[in-house]
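Each reported figure results from applying straightforward, stated rules to the coordinates on display, with no laboratory input. Nothing here was measured: the structure is a model prediction, and the numbers come from that model. Virtual Cβ from ideal backbone geometry, glycine too; neighbours counted across all protein chains shown.
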Amino acid sequence: MDKRILKIIEEALNEDGYLNDVTTSSLVDPKIVSTGYFIAKASGIISGIEVCQAVFHFINPKIEFTILKPSKSAVKKGDVIAHIKGSMADILRGERVALNILQRMSGIATLTSKFVQEVEGTNCKIVDTRKTSPLIRVLEKQAVVDGGGSNHRFNLSDQVLIKDNHIAAVGSIKKAVETALQKVKKGIKIEVEVETKAEFLEALETDCDIIMLDNMTNEQMAELVEINNKRKLLEASGNMTIKRVYSVAALGIDLISVGALTHSYKALDISLKFIKH
């Protein structure tokens, strides 16, 4: 498993005080072995069940964890996602952290899947943004992929994205792109964000790879798609709702970035139930 994810697991468990669970320590005999199962209480797409498993194995490698619905699986209310067996005390110590991760990642995957389904039949990809929760971006971006979406740049080092403030600092779109081409490593893509037709036309004449159409109407974008004539990849961003994305994708847009995937999702309701003996 990715070292970044293992670090998140360790820090999350430490934050939760798993080594000093006063409730479990005082009430649960460490010798008790219990069996339980994770159950979906709503329909959605599973993401993070392998991370959930890793949480328990971090606490106690002897815990048996059987995944029935791996990440990317669709589930309905009542579906069993995984079985778990082992020290009840250790399972209880990791329960909250494991569920927090599983519920949130599955919520992101579920929302992403809905957006992806809306643009089915077009050549448009749904991509995420950097509008993620601090320190757990690796989990949230994986959840987007599990939901059928694609990742935009992971961080600031992955791609040049020239926005209005960068342009203001340099003086023009043309100069910004030329300067970036001179200074960044070969192979790093350059994207320019534009808000008007004039800015688009200026960006179109540069050697950028992608032009982002920010907060434009469908009518404005339709005109620019025609002018572009497939010269550059076009990304649409801003106010991209479930109801709107198909109409935007149908214009011939290549990418639609949706910040809501990682900042406005609803966690998928999942519970851990123990089997009574």
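Rounded to the nearest 20 Debye, what is the dipole magnitude of the range 114-160 about its Cα centre when Lys and Arg each give +1 and Asp and Glu each give -1 at the C-beta? Spell out each step's value before the answer.
On the way: 7 positive and 6 negative charges, 40 e Å.
It works out to roughly 200 debye.
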(message) Quick check: the angle from helix 173-183's long axis to the longest principal axis of the chain, C-alpha only, nearest 10 degrees?
(response) 60 degrees
(message) What FRET efficiency comes out for Phe154 versus Ile275 if R0 is 30 angstrom and r is the Cβ-Cβ distance? Round to the nearest 0.05.
(response) 0.15
(request) Give Lys76/Lys125; Lys141/Lys174; Lys76/Lys276 a once-over and call out the pairs whose C-alpha atoms are over 29 Å from each other. (result) Lys141/Lys174
(message) Charges on Cβ only, +1 for Lys and Arg, -1 for Asp and Glu, centred on the Cα centroid of the range 116-263; of Ala169, Val116, Asn239, which one is farthest towards the dipole's positive end?
(response) Ala169
(message) Restricting to DSSP loop positions (anything but H, G, I, E, B) with no more than 15 other Cβ atoms inside 10 Å of their own Cβ, which GluC sites (Glu not before Pro) remain in the range 73-150?
(response) Glu120
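Suppose every K and R has +1 on its Cβ and every D and E has -1 on its Cβ; what is the size of the dipole of the chain about the Cα centre, in Debye to the nearest 20?
Once rounded to the nearest 20, the dipole reads 760 debye.
Calculate, for Lys62 and Ala198, the FRET efficiency according to 1/(1 + (r/R0)^6) with r their C-beta to C-beta distance and R0 45 Å; round to the nearest 0.05.
Once rounded, the FRET efficiency stands at 0.10.
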(message) Multiplying the sequence separation of Asn20 and Arg130 by 0.36 nm and subtracting their Cα-Cα distance, what value in nm do you get?
(response) 36.1 nm
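If each residue's Cβ is checked for other Cβ atoms within 10 Å, how do Leu68, Leu251 rank with the fewest at the top?
On the way: Leu68 15, Leu251 19.
Ascending number of Cβ neighbours within 10 Å: Leu68, Leu251.
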(message) Please report Rg (one decimal) and Dmax (integer) in Å for the Cα set of the range 122-277.
(response) 18.0, 72
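Just order 106-114, 193-201 by mean Cβ neighbour count inside 10 Å, highest at the front, would you? Write down the numbers at each step before the final one.
Working: 106-114: 26.2, 193-201: 17.0.
Top of the packing list down: 106-114, 193-201.
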(request) Work from the charge dipole of the range 116-263 (Cβ charges, +1 for Lys and Arg, -1 for Asp and Glu, about the Cα centre) and give the residue of Ala198, Gly149, Ile256 farthest towards its positive end. (result) Gly149
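Provide the FRET efficiency to the nearest 0.05 for the Asp2-Lys72 pair, computing r from the beta carbons and using R0 = 22 Å.
With a Förster radius of 22 Å, E is 0.85.
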(request) Could you please state, rounded to a whole Å, how far the C-alpha centre of the range 86-154 is from the C-alpha centre of the range 22-62? (result) 19 Å
(request) Find how much the distance from Ser43 to Asp29 grows on full extension, using 0.36 nm per residue of separation minus their present alpha carbon separation; answer in nm with one decimal. (result) 1.5 nm
